[in-house]
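Report on the structure given below.
The numbers here are math on the coordinates, done by the rules we state, and not lab data. Quick caveat: nothing in here was measured; it's all calculated off a predicted structure. Note that we place each Cβ from the backbone using ideal geometry, even for glycine, and neighbour counts take in every protein chain shown.
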Amino acid sequence: MKGIYSALLASFDEQGKINEQGVREIVRHNIDKMMVDGLYVGGSTGENFMLSTEEKKQIFEIAKDEAGSEVKLIAQVGSINVYESIDLAKHATALGYDAISAVTPFYYKFSFEEIKDYYNMIIDSVDNRLIIYSIPFLTGVDMSVEQFGELFENPKIIGVKFTAADFFLLERMRKAYPDKLIFAGFDEMMLSAAVLDVDGAIGSTFNVNGPRARQIYELAKAGKIEEAREIQHTTNDLIAAILDNGLYPTIKCILEEQGVHAGCCRKPMASATPEARIRAREIYKQYIK
Ligand code: NAY
């Protein structure tokens, strides 16, 4: 399961309906052009938390149908409705997903015991493996190295997608759990995470910047830090420009520039304005073309 995974974008039409052909094209682009090792389906980048259960299932189905066994597939099933998570975990497992992942339950201030119960309920419902999705800046849920350890006591919980800038915690986790998978979740900090010996990375910007992400990762792993840093600098010029112009809408526009029908965002998330589209074209020409 190690390697570089794109957090898969979803494609919607102007009415907010899933554009199946668009999703297929995004999958193909990631496999054929970005050369990623896998896809993380139904994450934040997939605008998952704004979808119905049926729509979430449909995205899992389309991605699996298009990708087949060409790359590894992880299905993000987390939801504060744990019964929905279980339903999605069963669906993704039946489709043949290599692992499931679940965001820490958010909105209510769940205790750690409740969070642990949530994870065990989900993974114990399926014959599969689970990767914790930790993203404190969006969920408000911080866990300690010891709490991760308690979750890892379930052997079916095989790792964590670590979307945080806390490199002290990341280092403690790496030392404490050498056999668990740790995926870096902030693309702009990939070099620092790779130096700490993560097992891979899962990112939104890999949908358009996959080859550079791989270079950073592999150069860092080979100890070629100066070369990796140069590519991280270029990558971060790109990421800063994308963030400044609107993260997911801009990545979608950049894909559209390449003939991939990434479409609109799902309301209430706004799609790119005409000005943002023009800027996205400039970003594409400056950093990617
Ligand atoms: C997800 O579930 O899609 C992810 O968390 C992927 C990780 C991304 N985080 C978010 C919140 O989008 O790739 C990152 C992030 O977009 C990137 O580093 C820019 O900040």
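Some observations on this one:
- For the chain: Kirkwood Rh in Å [reciprocal of mean 1/r, alpha carbons]: 19.0
- Legend: distances between Cα atoms for Lys17/Lys57; Lys109/Lys161; Lys33/Lys289; Lys33/Lys64; Lys2/Lys33; Lys56/Lys90; every pair falls at or below 24 Å.
- Basic side chains Lys and Arg get +1 at the Cβ, acidic Asp and Glu get -1 at the Cβ, and with that the dipole of the chain about its Cα centre reaches some 440 debye.
- Coil-residue trypsin sites (Lys or Arg not before Pro) of the stretch 109-212, DSSP, other Cβ within 10 Å capped at 13: Lys109
- DSSP H segments from the chain that extend 24 Å or more along their own axis, Cα-based, with Kyte-Doolittle mean of -1.0 or above: 225-245
- For the stretch 147-280, the relative contact order is 16 percent, taking Cα pairs closer than 8 Å that sit 6 or more residues apart in sequence and dividing their mean separation by the residue count.
- Sites excluded, chymotrypsin sites (Phe, Trp or Tyr not before Pro) in DSSP loops with at most 14 other C-beta within 10 Å, longest stretch of the chain: 109-289
- Taken one residue at a time, the phi angles of the stretch 130-143 give Karplus couplings (6.51, -1.76, 1.60, θ = phi - 60°) of 10, 10, 5, 9, 9, 9, x, 5, 9, 9, x, 9, 9, 10 Hz. Gly and Pro are set to x.
- Exposed GluC sites (Glu not before Pro) absent - longest run of the chain, DSSP non-H/G/I/E/B, at most 15 other C-beta within 10 Å: 154-289
- Derived scalar couplings ³J(HN,Hα) [the stretch 8-18; Karplus, 6.51 cos²θ - 1.76 cosθ + 1.60; whole Hz; x for Gly, Pro]: 5, 6, 10, 10, 10, 8, 5, 8, x, 7, 4
- Percent RCO, i.e. relative contact order, over the stretch 189-233, from Cα pairs under 8 Å lying at least 6 residues apart: 45
- Once backbone amide H atoms are built at 1.01 Å from N, Ala99 has Leu73, Ala75 as its partners under 5 Å, excluding neighbours fewer than 5 places away on the same chain.
- Trypsin sites (Lys or Arg not before Pro) restricted to DSSP loop in the stretch 4-87 with at most 13 other C-beta within 10 Å: Lys17
- Charge tally around Lys224: other residues with Cβ under 11 Å, Lys/Arg +1 each, Asp/Glu -1 each, net -2.
- Over 20 Å [Cα-Cα, the stretch 168-281], rounded percent: 47
- Amide H contacts of Tyr133: Ala102, Val103, Thr104, Lys161, each under 5 Å away and 5 or more positions distant or on a separate chain (H built 1.01 Å from N in the peptide plane; Pro and chain starts excluded).
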